[in-house]
Each structure stands twice: as structure tokens, then as C-alpha cells.
1. Assess whether V26 counts as being within 22 Å of I7 (Cα to Cα), in a helix (DSSP H, G or I), hydrophobic (A, V, I, L, M, F, W, C) and touching a residue at least 12 places away in the same chain (Cβ under 8 Å).
2. Of the residues I33, I53, only one is assigned to a helix (DSSP H, G or I), at pLDDT 95 or above and β-branched (V, I, T); which?
3. Spot the failing condition for E68; the list is (1) over 30 Å from R39 (Cβ atoms); (2) in contact with a Phe, Trp or Tyr (Cβ under 7 Å, 6 or more places away or on another chain), and only one is missed.
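The values are calculated or read from the model by the stated rules, or taken from the named source; none is laboratory data. Only a predicted model underlies this, so the values are computations on that prediction, with no experimental measurement involved. In this analysis, Cβ positions are derived from the backbone assuming ideal geometry, glycine residues included, and neighbour counts consider all displayed protein chains.
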Amino acid sequence: MIKSELIDKLSRDNPHLLRRDVEMIVATIFDEIVDTLKRGGRVELRGFGAFSIKHRPARQGRNPRSGETVAVDEKFVPHFKVGKALRERLNADGSQT
């Protein structure tokens, strides 16, 4: 599912909300998650999972095409850990779609 599909579904499921309001709500939630992660925080959605950041230190990498050694800068990458309730719901009936 992509962001526009999420907005469409929420708009259909909540006909009392205008589509532009749903778009603003979704954008606000995503922006808050990003802003919190930028500040080094953690976002936990009970029953769903937790977003955090991980630090990757600078290292020497290798260009797979040429074999040449390249310097890879340090960076922060987002990390998502699935919550127990979501994992159990996904594995409840043992089937996969």
C-alpha cells in the first residue's frame, strides 16, 4: 500500500472527514515520526511497532563493479521493530497472502 492508497482507504472508511483533512492528518503523523527520529527520539505505536534510528559508523566499502575501495560516510538509518501484537496477528492462521 502506498500513501495515496492509505488516504483513499481512510477517506472511504470515514466519510464524515473531507479527503483534504485525511491527507493533512496522514502527512502530520508522518512528519511527526520523522521529526522525532531526527531529534534522536523513538516512536512507539503500541500493538504495531517502534521506529528508531541506528548509527552506522564510517567504513571502507568496495565498489562491486570495479572492486575499488571507497570511503562510506557515517550515517543514521531508520529502524523498525515489529510489535508483538502485529507479529501474532500476521501469524495467527498460518496463511500468507
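1. Values: within 22 Å of I7 (Cα to Cα): yes; in a helix (DSSP H, G or I): yes; hydrophobic (A, V, I, L, M, F, W, C): yes; touching a residue at least 12 places away in the same chain (Cβ under 8 Å): yes.
Yes: the conditions hold for V26.
2. Details: I53 fails: assigned to a helix (DSSP H, G or I).
The conditions single out I33.
3. Tallying (1) over 30 Å from R39 (Cβ atoms); (2) in contact with a Phe, Trp or Tyr (Cβ under 7 Å, 6 or more places away or on another chain), E68 fails exactly one: (2).
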